[in-house]
Amino acid sequence: MKGHFLTVIWGVIVWFLATLFFVLFGDQVLFSPGTSSFVISTLILIAGTGVLLIAVTFLYLTFDQSKNAAMKFGIIGTIIGLSLDTLAISYHQIVFPELNHSQIIAFTIWMSFAYALYLIIPILINELKKRNICSLPLHELRQ
């Protein structure tokens, strides 16, 4: 576990920031499933989540340059996030006091897609790095 401390910290931070977003803005971006607003908002949330996960994964890789670091980030981050979200959803009236039950369902739907992305995106980035498709030496990034 000692070698994964940084990854665990990153996983907790990613979970906390995502949860904070929905605590602050959930009542404005989550709509009842079955409505056209739900479809549009969920697609926008998923697209935004994908873009942010790509950026966060590359940011994480500046701190952890070990072999398969991106995959480790995705797997450990997903384990941590799902575990903490289990508690957040169980106590949704405390964690998300402004959200009604249909918004909690919408959050859970977004969350399912988000964790799929949390696994897929780092695995794809890991593959691209293995094939040297998306890797630049750090000194080139700083210039």
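Rounded to the nearest 20 debye, what is the charge dipole size of the chain about its Cα centre when +1 sits on each Lys and Arg Cβ and -1 on each Asp and Glu Cβ? Please report the intermediate quantities before stating the final value.
Values: 7 positive and 6 negative charges, 125 e Å.
Result for the chain is approximately 600 debye, rounded to the nearest 20.
Simple rule: put +1 on each Lys or Arg Cβ and -1 on each Asp or Glu Cβ in the chain, find the dipole, and look at PHE25, LEU45, GLN103; the Cα lying farthest toward the positive end is LEU45. The stretch 64-137 and the stretch 1-29 have Cα centres lying 9 Å from one another. Taking PRO33, PRO122, PRO97 as the candidate residues, the one with maximal mean-square fluctuation in a Gaussian network model of the chain, Cα springs under 10 Å, is PRO97. Dividing the helix sum by the residues of the chain, where each DSSP H run of 4 or more adds -39500 (n - 2.57), gives a mean residue ellipticity at 222 nm of -27000 deg cm²/dmol. Of the listed residues LEU45, LEU84, the order by accessible area with a 1.4 Å probe, largest first, is LEU84, LEU45. Quote the accessible area belonging to PHE21 in square angstrom, nearest 10, computed with a 1.4 Å probe and with ligands, DNA and RNA left uncounted. Answer for PHE21: close to 80 Å² accessible.
Between PHE63 and TYR91, the FRET efficiency from the beta-carbon distance, with R0 = 30 Å, is close to 0.45.
Given contacts defined as C-alpha pairs under 8 Å and at least six residues apart, what's the relative contact order of the stretch 1-87, whole-number percent? Contact order relative to length: 51 percent. At the residue level, ILE46 shows approximately 30 square angstrom of accessible surface with a 1.4 angstrom probe and all protein chains present. Rolling a 1.4 angstrom probe over the chain with all protein chains present gives an accessible area of which 72% lies on carbon and sulfur atoms. Heavy atoms of the protein chains alone define the surface here; on that basis the chain has 60 Å² accessible area per residue at 1.4 Å probe size.
With a cut-off of 8 Å between alpha carbons and a minimum separation of six or more residues, what is the relative contact order of the stretch 57-134 in percent?
Details: 38 pairs, mean separation 35.2, N = 78.
After rounding, I find 45 percent.
Of the residues PHE16, PHE31, PHE73, the one that moves most in a GNM of the chain with alpha-carbon contacts below 10 Å is PHE16.
Accessible area, 1.4 Å probe, largest first: how do LYS72, LYS67 sort?
On the way: LYS72 40, LYS67 170 Å².
Accessible-area ranking of LYS72, LYS67, largest first: LYS67, LYS72.
When the surface is traced with a 1.4 Å probe over the full set of protein chains, ILE120 keeps roughly 90 Å² accessible.
The values are calculated or read from the model by the stated rules, or taken from the named source; none is laboratory data. What you see is a predicted model; the values in this text were computed from it and never measured. Positions of Cβ are backbone-derived with ideal geometry, glycine not excepted, and every protein chain shown enters the neighbour counts. We work out accessible area using only protein heavy atoms, side chains counted, and drop any ligands, DNA or RNA first. Shrake-Rupley method; radii C 1.70, N 1.55, O 1.52, S 1.80 Å.
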